[in-house]
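Below you'll find the structure, written out as structure tokens, and then a few comments.
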Amino acid sequence: MNLKNKKVTVMGIGLHGGGVAIIQWLSKQGARIVATDKKSAKELDVSIVKIKKLKNVKIVTGQHRLEDFTHSDLVIKNPTVPWTNKYIKAAIENKVPVEMDSSLFMQLCPTENIIGVTGTKGKTTTSLILAHILEEAGKQVVKVGIGQEAVMNKLSQIKKDSWVVFELSSWRLSVMSLIKKSPKFAIITNIFPDHLNYYASMEKYVLDKENIFKFQKEGDILVTNYDQVEYFEQFSELSKGEVFSYSKETGDFEKGIFVRDDSIFFKKDNKEELLFEIGEISLRGKHNLANVLAASVIAKLIGVSTVNIRNSISTFLGVKHRLEYVGKKTGVAYYNDTTATTPESAVVGIEAFTRPIHLICGGSNKKLDLRLLARKIALDENVVSISLLQGEATESLIKLLREFDGASAKIKGLYDSMDGVVESLSLTAKEGEIVLLSPGCASFGMFVNEFDRGDQFKESVDNIEV
């Protein structure tokens, strides 16, 4: 792919690092770059500092200009920008190729050993568990797109025998239908409603997820969740690769990993092998069992020994921003679960504890049904109070809570700053109790993103005077 002197428009400088990484990579290729973002230069300052001295980069902020999309050799689309965006549509109508960092990476990666991980929940944790297992087994591992990890700047680290663990959102997968590529190894953790402010329907969301295996060849591997029977059957029928299952509930399948009497078994060719006991898993939360199972299937299939898998799952301590233990102040334990951005994941966060919980939740709206979260808050006796972050979703949650007798009494207050909510809880939570940030909603509005929300929570906890 010769990009020297090609005019390339990068749509979305952003604040997460992905835009900066691809601009830096394009600069090294000798491209002439227009980096454009609707945010102001002031808002983007932390990113602009990293790119303003690069060669052949023109920065356009506060707007997008149509000519940058219609008179260009290539457009690189930010993952969160929909394909229906008028500038992207204009590029396509003018026969300007549109790529994303994920599609460029898949075309240029020097190894076939790419393990793609997607799913509504658990994809980051599963990716990091798998990377940890492979690293402990002595393999050269490159983590791509995991959490806030960038993509294009990882290419230079990859050799022919490297193993790539690539976390793929539905957005990053959407472009795979254009290049007709899927990873050789694919994991789908689960499917739940999400991003319905982006997708017109649940069906379209699932279609993008399916791109992780849609273009696999015979001999490639798909690992999927047997406990979600409807999707398991749908994906298995569509897959051209070999399908392996994992389940927390049954071993009623031909090949994969399952749980029986608190023990984990790997099944293949009518043989069962004991891998490890549930008690050996170091991660907190029942939901993490599924993430461990999914990672262990791939590890087993690519030749990692049972001993290495067992040792690795006992030493993996968790993921930043996911049920992350922040610390204890005056006997109260604080946990950061900011990446619980759906009602289902917030419920999982609540269920990870058996002590009294002071829950911080609410925020912006992704057009998700909050009834499940409202019901959990109302009926779970462990949830002793809820402190609500301002946002449209919060207003909907309050209305739903009023449908349950006595649930409104759990509402401690509505807050417009993280410092305010943490300070308030530090004065009321008692020794032995838990303060849990598990919002169940998106972060935009009060925060730059969910990671900023988590970082602000941790900083506020650090600032508690004892």
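The values are calculated or read from the model by the stated rules, or taken from the named source; none is laboratory data. All values reported here derive from a predicted model rather than from experimental measurement. As a convention, Cβ positions derive from the backbone with ideal geometry for all residues, glycine included, and neighbour counts pool all protein chains shown.
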Candidate set: the range 139-157, residues that are without any contact (Cβ under 8 Å) to a residue 40 or more places away in the chain and surrounded by fewer than 16 Cβ atoms within 10 Å (Cβ to Cβ); chosen: the one farthest from G19 (Cα to Cα): Q140
Starting from residues that are over 14 Å from the mean Cα position of the chain (by Cα) and among the hydrophobic types (A, V, I, L, M, F, W, C), keep the ones in the range 185-203 and report whichever is nearest to A290 (Cα to Cα). A186
Counting only residues that are part of a loop (DSSP other than H, G, I, E, B) and either at positive phi or of a type in the set (V, I, T) (or both), the range 191-220 contains a total of 3
Index of the failed condition, I114 passing every other in (1) over 15 Å from the mean Cα position of the chain (by Cα); (2) crowded, with 19+ Cβ neighbours inside 10 Å; (3) within 30 Å of K86 (Cα to Cα): (3)
Residue check, I187 in contact (Cβ under 8 Å) with a residue 60 or more places away in the chain, part of a loop (DSSP other than H, G, I, E, B) and more than 23 Å from E99 (Cβ to Cβ): no
Checked against (1) aliphatic (A, V, I, L, M); (2) at pLDDT 95 or above; (3) surrounded by 22 or more Cβ atoms within 10 Å (Cβ to Cβ), V384 satisfies every condition except (3)
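Could you check how many residues of the range 17-46 are in a loop (DSSP other than H, G, I, E, B) and under 19 Å from Q63 (Cα atoms)?
So the answer is 7.
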When restricted to S40, S72, the only residue in contact (Cβ under 8 Å) with a residue 40 or more places away in the chain, farther than 28 Å from Y205 by Cβ and not hydrophobic (A, V, I, L, M, F, W, C) is S72
List the number of the failed condition for S408; all other conditions in (1) modelled with pLDDT of 95 or more; (2) assigned to a helix (DSSP H, G or I); (3) farther than 27 Å from N288 by Cβ hold. (1)
Just one of the numbered conditions (1) outside any helix (DSSP H, G or I); (2) out of contact with any Leu (no Cβ under 9 Å at 6 or more places or on another chain); (3) within 26 Å of T125 (Cα to Cα) is not true of K376; which one? (1)
Within the range 323-377, the count of residues that are touching a residue at least 60 places away in the same chain (Cβ under 8 Å), surrounded by fewer than 17 Cβ atoms within 10 Å (Cβ to Cβ) and over 21 Å from F451 (Cα atoms) comes to 6
Can you tell me which residue among K181, K160 is basic (K, R) and crowded, with 17+ Cβ neighbours inside 10 Å? K181
For the range 423-443, which positions are farther than 15 Å from V383 by Cα and in a helix (DSSP H, G or I)? E423, S424, S426, L427
